[in-house]
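Asker: Before we start, here is the structure in question, set down as structure tokens.
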Amino acid sequence: MRLVKQRSAMTSAALLVFLVLVSFGHGAKEKPELGEEIKEIIEHVHNECVGKTGVAEEDIVNCENGIFKEDNKLKCYMFCLLEEGSLVDEDGNVDYDLMISLIPEKYTDRVRKMINACKHHDTPGKDNCQRAFDVHKCSYAADPNFYFLF
């Protein structure tokens, strides 16, 4: 039973991270159609990270349009999503290979290309929030029609 719960959590984390980085839309942005369980997970993680960071909803929404406000709350919100998705180790390092391996196969190549174009922004010496922000900002620049932040 514990293994099933862990597997379910990993699957949920994978979808969560996928939705953090990309949209299912091609060309014009489209919000994906999601089941109630996934909507609840997204809402929970979103609310958890908004509560922890105090980020303004407007700042999150603006990122989808390429407006990345230089705000520590927004930056830490982005890192919080990775933490809640269990994609960072105790030192704050993101496991990009794990992230890519969890993406649905249909989107793997596009996500891999986006992450590989941007993960060099995740460098030691910067705080974790800044690192996440820099990767997100680059991801938008790399593929603005595929970038999505909730």
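Asker: Which one is farthest from residue 40 (Cα to Cα), of the residues in the stretch 95-150 that are in a helix (DSSP H, G or I) and polar (S, T, N, Q)? Spell out the reasoning first.
Answerer: Taking the stretch 95-150 and keeping what is in a helix (DSSP H, G or I), we get 96-101, 105-121, 128-142.
Now restrict to residues that are polar (S, T, N, Q): 101, 108, 116, 128, 130, 139.
On the way: 101: 23, 108: 24, 116: 30, 128: 26, 130: 28, 139: 25 Å.
Taking the candidates together, the pick is 116.
Asker: Only one residue in 69, 52, 75 is among the charged types (D, E, K, R) and surrounded by 20 or more Cβ atoms within 10 Å (Cβ to Cβ). Which one? First the steps, then the outcome.
Answerer: On the way: 69 fails: surrounded by 20 or more Cβ atoms within 10 Å (Cβ to Cβ); 52 fails: surrounded by 20 or more Cβ atoms within 10 Å (Cβ to Cβ).
Going through 69, 52, 75 in turn, just one is among the charged types (D, E, K, R) and surrounded by 20 or more Cβ atoms within 10 Å (Cβ to Cβ): 75.
Asker: Do any residues in the stretch 78-94 that are part of a loop (DSSP other than H, G, I, E, B) have Cβ atoms under 6 Å from those of residues that are surrounded by fewer than 18 Cβ atoms within 10 Å (Cβ to Cβ) and among the acidic types (Asp, Glu), where the two are at least six apart or on different chains, and which pairs are they?
Answerer: Once the first residue is part of a loop (DSSP other than H, G, I, E, B) and sits in the stretch 78-94, its partners that are surrounded by fewer than 18 Cβ atoms within 10 Å (Cβ to Cβ) and among the acidic types (Asp, Glu) give 87/95.
Asker: Can you tell me which residue is surrounded by the fewest Cβ atoms within 10 Å (Cβ to Cβ) among those in the stretch 103-123 that are at pLDDT 90 or above and polar (S, T, N, Q)?
Answerer: Restricting to residues being at pLDDT 90 or above and polar (S, T, N, Q), the top hit is 123.
The values are calculated or read from the model by the stated rules, or taken from the named source; none is laboratory data. All values derive from a computational prediction rather than experimental measurement. Ideal geometry is used to build each Cβ from the backbone, glycine not excepted, and the neighbour counts take in all protein chains shown.
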